[in-house]
Structures are given as C-alpha cells and as structure tokens.
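Okay, structure first, notes after.
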Amino acid sequence: MIRTRTLAVAVAAVALAAPAAAQTTVDIYDTATGTDRLGTVTFEDEPGGGVRFTPDLGDILPAGDHGFHAHVTPDCGNGGQAAGGHYDPGATGRHEGPEGNGHLGDLPRLASDAGRVVTSVVAPRLTMNDVYGRALVIHEGGDNYSDTPASLGGGGARLACGVVPAAAPGLPPTALVALMALLLTIGAYARRRQMSMAGQG
C-alpha cells in the first residue's frame with residue numbers, strides 16, 4: 001500500500017496548485033468588421049451556483065442596457081448572424097431572461113456607462129459546460145426578458161460577438177508540476193516495493 005502521508009502531501013500539492021474555479025476569457029469583436037477587437041468577457045463558476053460573466057469592454061456601446069446572450073453556434077460571421085439563435089437545449093422556444101424557464105442562453109443585461117462595460121453579471125441557471133462551444137453576443141438595445149412587444153427581448157442588431165472555445169482550458173503549469181510530482185512519487189514507491197518483493201523471493 002502507498003504510504004498515506006506521502007500520498008496525502010502530493011495530493012494536497014495538486015489541490016493547492018489548481019485554481020478554485022475554472023476561468024475562461026473570450027475576445028469580443030465588432031460584428032461590422034469581424035476583426036476590430038473591442039475587449040473581453042471572462043466567465044467562471046459562481047460559488048453560489050451559476051456562471052459569472054465579467055466584461056471588460058471600453059468605449060464601444062451607447063450608454064444604457066444591452067441584451068447579452070449565449071448563442072448556439074460558435075461563429076461570429078455575417079455580422080453575428082452566423083451565431084444562430086439563443087442556446088435553448090430544452091427547445092422551449094421562449095425568451096424569459098436569466099431567471100425564467102426559457103432559453104438557457106438568456107443572460108443578464110450588460111450596463112454601459114458612457115460606453116464602458118465592466119460590471120459583472122450572474123446567470124444562475126447556467127454551468128460552465130453550457131457556455132463552452134457557444135458564441136457570446138451583445139445587442140444594440142436592451143432586453144426586457146420577454147418576447148413581447150418584440151421577440152427576443154427587443155435587443156435589435158448584434159453589435160459585438162465572441163467565440164467561446166469548445167473545451168475548458170487545461171491545468172495551469174503549477175498544477176501540472178504538482179501532478180507530475182505525485183506520479184513520480186507513486187512510481188518510485190512502486191519500484192521500491194517491487195524490488196523488495198523480488199529480494200524476498
């Protein structure tokens with residue numbers, strides 16, 4: 001049996017090196033050009049449940065609220081239209097906002113203060129896996145979390161878009177080093193154990 005104390009130390013090293021919650025940053029681009037980078041949106045697990053989105057977008061949006069959604073297809077082409085519709089795995093066909101029972105991709109509105117968007121929002125029904133492999137879209141207008149009087153919250157044109165990677169990022173280098181140390185410790189003990197048993201034979 002592997003020595004409990006040695007294994008516990010190695011496992012603790014991995015746990016300390018790994019981040020408390022996965023975090024992914026998405027580059028956001030102007031849909032009119034497809035190449036002008038407007039800033040980023042970072043998303044991560046929210047300790048109380050859901051996913052927190054933190055924008056860092058500077059001087060690009062009119063003051064006020066802007067609709068913000070996770071769209072099905074990870075493609076921002078054709079002025080953002082290639083992203084398809086709102087992520088709706090339950091096929092509800094309803095736009096009811098982040099607290100409702102409609103599209104899972106209905107995210108909280110983003111607030112622009114004199115063009116700058118930096119205030120984070122939390123989508124309580126989402127998990128990180130719901131966001132990977134999607135597109136994040138920011139609309140010209142706000143979002144009333146309803147399909148009336150206008151469908152999909154009435155946000156209008158898709159002003160900005162970012163493609164979310166299909167998988168979570170790998171372990172950071174420090175965690176990989178700690179994991180390697182754990183594997184080497186296990187391997188070294190196994191070799192010593194094998195040699196000891198061979199000597200007894």
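Pick from region 113-135 the residues that are of a type in the set (D, E, K, R) and closer than 14 Å to HIS66 by Cβ: which of them is surrounded by the fewest Cβ atoms within 10 Å (Cβ to Cβ)?
ASP113
Restricting attention to region 48-75, report how many residues are under 20 Å from ALA123 (Cβ atoms) and in a loop (DSSP other than H, G, I, E, B).
Result for region 48-75: 8.
For (1) closer than 30 Å to PHE68 by Cα; (2) at pLDDT below 70; (3) surrounded by 16 or more Cβ atoms within 10 Å (Cβ to Cβ), each residue gets a yes or a no:
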site: ILE138; (1), (2), (3): yes, no, yes
site: PRO149; (1), (2), (3): yes, no, no
site: ARG158; (1), (2), (3): yes, no, yes
site: ALA166; (1), (2), (3): yes, no, no
site: PRO172; (1), (2), (3): yes, yes, no
site: TYR189; (1), (2), (3): no, yes, no
site: MET197; (1), (2), (3): no, yes, no
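List the number of the failed condition for LEU61; all other conditions in (1) in contact with a Ser or Thr (Cβ under 7 Å, 6 or more places away or on another chain); (2) under 18 Å from ASP143 (Cβ atoms); (3) without any contact (Cβ under 8 Å) to a residue 60 or more places away in the chain hold.
If we test LEU61 against (1) in contact with a Ser or Thr (Cβ under 7 Å, 6 or more places away or on another chain); (2) under 18 Å from ASP143 (Cβ atoms); (3) without any contact (Cβ under 8 Å) to a residue 60 or more places away in the chain, just (3) comes out false.
Would you mind finding the one in VAL117, VAL121 that is modelled with pLDDT of 95 or more and assigned by TED's automatic domain parsing to the domain that holds PHE43?
VAL121
The values are calculated or read from the model by the stated rules, or taken from the named source; none is laboratory data. Because the structure is predicted, anything quoted here is derived from the model rather than measured. Cβ: placed from backbone, ideal geometry, glycine included. Neighbour counts: every protein chain shown.
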